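The values are calculated or read from the model by the stated rules, or taken from the named source; none is laboratory data. All of these numbers come straight from a predicted model, not from anything done at the bench. Here the Cβ positions follow ideal geometry from the backbone for every residue, glycine too, while neighbour counts run over all protein chains shown.
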């Protein structure tokens, strides 16, 4: 081998090894879900969530990030409702960083069950800076424990299976991610990869494994809505939309219970999620942490436990 070729090959190998080492050093693995005990899971929430119209009115009144700060006993909560963005230059990034430094959390929480993120400049270059990645980065930098606000996937599936069939629930979880990632372009390879991952859980095993299976389930009651391959969102007025609403309630109830339990333990809790979660959960969080009611809260918002009022199994 000629000397210039050897030098070039050696340089390339070194560069690849250096890049791999930097990626490994910058990697923050997925945040583990926070497990609640049976008593916490069974305890009804004292207030209902804001409904769609109430959420929209709140969003008009507060168009920017929706931030809820509450204290209870020795614990405190900073619940940051973010606008989803991956832009590292977004003013939201500096706002979250400033609030993090001033709040000095003892535990951090974000959306997402198992996804990890590259942190630091390498992550910002390759993936942008979605808010979960920013929380990973801040927690890693300051040695703050990081957990997920999501319920265990198996637990969410089990709750939804009380009302809908395994095929319907499997289709929902597959399509929710597929439509987000495919962006309206047909991609059967992506769909088949997702359906195998989404059904690898108790209750959904063996329901679907291919695009042909998706076609079969889709044809039963959704054929009038066209080809699932090129959709970009949940078809309105379908069981998929109903499951989506129920899933939001299941996730929201879990989030609220986790936040309250951690504050009750005396933690300084810093949580970042999409703004809709904070807006919808605010009334019940205020009640559970002994705070004053929100200005727009109607007198009858509390008193009917949310677990009874909006149980997705009904």
Original post:
In region 254-272, which residues are in contact with a helix residue (DSSP H, G or I) (Cβ under 7 Å, 6 or more places away or on another chain) and either surrounded by fewer than 19 Cβ atoms within 10 Å (Cβ to Cβ) or at pLDDT below 95 (or both)?
Top reply: 261
Subject >> Test: residue in region 191-199 that is more than 26 Å from residue 52 (Cβ to Cβ), over 24 Å from the mean Cα position of the chain (by Cα) and in a helix (DSSP H, G or I) >> reply: no
Original post:
residue 11 versus (1) in a helix (DSSP H, G or I); (2) exposed (fewer than 15 other Cβ atoms within 10 Å of the Cβ); (3) at pLDDT 60 or above: which is the lone unmet condition?
Top reply: (3)
Original post:
Which of (1) in contact with a helix residue (DSSP H, G or I) (Cβ under 9 Å, 6 or more places away or on another chain); (2) assigned to a loop (DSSP other than H, G, I, E, B); (3) farther than 30 Å from residue 282 by Cβ is the odd one out, the single condition residue 178 does not satisfy?
Top reply: (2)
Original post:
Do we have any residue at all in region 181-200 that's in contact (Cβ under 8 Å) with a residue 40 or more places away in the chain, crowded, with 17+ Cβ neighbours inside 10 Å, closer than 18 Å to residue 247 by Cα and in contact with a helix residue (DSSP H, G or I) (Cβ under 9 Å, 6 or more places away or on another chain)?
Top reply: no
**OP:** Just give me the residues in region 139-154 being more than 15 Å from the chain's Cα centre (by Cα) and either surrounded by 21 or more Cβ atoms within 10 Å (Cβ to Cβ) or under 20 Å from residue 261 (Cα atoms) (or both), in sequence order.
**Re:** 139, 144, 145
Original post:
Somewhere in region 16-28, is a residue at pLDDT 65 or above and touching a strand residue (DSSP E or B) at 6+ places or on another chain (Cβ under 9 Å)?
Top reply: no
